[in-house]
């Protein structure tokens, strides 16, 4: 009987772990797709041609950053979810979409809650995602 209980607990644990990772993966894809859907090709080209973005791309090797706190958008989403509540994320997203929030205000909010390494990792992931589009 104990063997069956252990097997059931292991199955539930494995299913929960797999389900959690699946949901995080889907949520990060959805988040990136929502952001990118609001950016047309002209805006994307303007972003990629921006001198600060070009400088960041040339000074930081976006393909080889193994010392950063996270390497992919799933881990980035987990980090953001630890630091910000869902209502805060929705509030900032809504204000940004309506143009009520300046990018410097978003940057200030991130600097208050995330380390410099985490912010750099977010920038690198954002640039990778923009380059893939």
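The values are calculated or read from the model by the stated rules, or taken from the named source; none is laboratory data. On a predicted model such as this, the values are computed, not experimentally measured, just so you know. Here the Cβ positions follow ideal geometry from the backbone for every residue, glycine too, while neighbour counts run over all protein chains shown.
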**Item:** Test for residue 54: is it surrounded by fewer than 12 Cβ atoms within 10 Å (Cβ to Cβ), part of a helix (DSSP H, G or I), modelled with pLDDT under 75 and within 17 Å of the chain's Cα centre (by Cα)
**Value:** no
**Prompt:** Regarding residue 86, is this residue closer than 13 Å to residue 31 by Cβ and exposed (fewer than 15 other Cβ atoms within 10 Å of the Cβ)?
**Reply:** yes
**Fill in**
How many residues of region 94-108 are part of a helix (DSSP H, G or I) and surrounded by 15 or more Cβ atoms within 10 Å (Cβ to Cβ)? The answer is 1
